[in-house]
Amino acid sequence: ATTEIYTFPTRRSSDLGKQPYFMTPADGQIAVFAGLWANWGPEKLLTCSIVTTAAVDDLGLIHDRMPLLLPRSRWDAWLEGPPDASLLAPPPSSEVAGLELRPVGAAVGDVHNDGPELIRRVAAPSLTESGENPVDLTLF
């Protein structure tokens, strides 16, 4: 399975606190994550999950892991190819470089909030400014 998205949230944890980020393809296109699905239990409940991997490139400055981003060239292999460890290879740097990493306000972390203001850029320390390496083990 794959999961197509336009955006996804994450947080950077450091000694400066938690800073949420809005991530989206800078070109306005979709991003595709590797996913798994199964029918589960006697009711055959359809379940799914997004596969994660170690964060690479600038995403590693925000978090220690990330969804397994699939470039278009890997979609067919993920969906139809035989099982192979190479399917879990991190995405190429060019794919990650195509993501906009936008700091947003803390209101994005509350499910009761909704609206375009949640994805407005806010002032935040540079990703290269000290805070510590990311240690938060949640994506949201």
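The values are calculated or read from the model by the stated rules, or taken from the named source; none is laboratory data. If you're wondering where the values come from, they're calculated on a predicted model, not measured in any experiment. Don't worry about glycine lacking a Cβ; one is built from the backbone with ideal geometry, like all the others, and counts go over all protein chains shown.
Remarks
- Just one of (1) without any contact (Cβ under 8 Å) to a residue 12 or more places away in the chain; (2) under 11 Å from the mean Cα position of the chain (by Cα) fails for Pro42. It is (2).
- Pro103 vs. criteria closer than 15 Å to Leu59 by Cα, at pLDDT below 90 and surrounded by 10 or more Cβ atoms within 10 Å (Cβ to Cβ): no
- For the range 29-47, the criterion of being in contact with a helix residue (DSSP H, G or I) (Cβ under 6 Å, 6 or more places away or on another chain) and modelled with pLDDT under 90 is satisfied by no residue at all.
- Qualifying residue in the range 50-60 (condition: surrounded by 13 or more Cβ atoms within 10 Å (Cβ to Cβ) and in contact with a Gly (Cβ under 9 Å, 6 or more places away or on another chain)): yes
- Positions within the range 63-119 being without any contact (Cβ under 8 Å) to a residue 24 or more places away in the chain and part of a loop (DSSP other than H, G, I, E, B), in sequence order: Gly81, Pro82, Pro83, Asp84, Ala89, Pro92, Asp110, Val111, His112, Asn113, Asp114, Gly115
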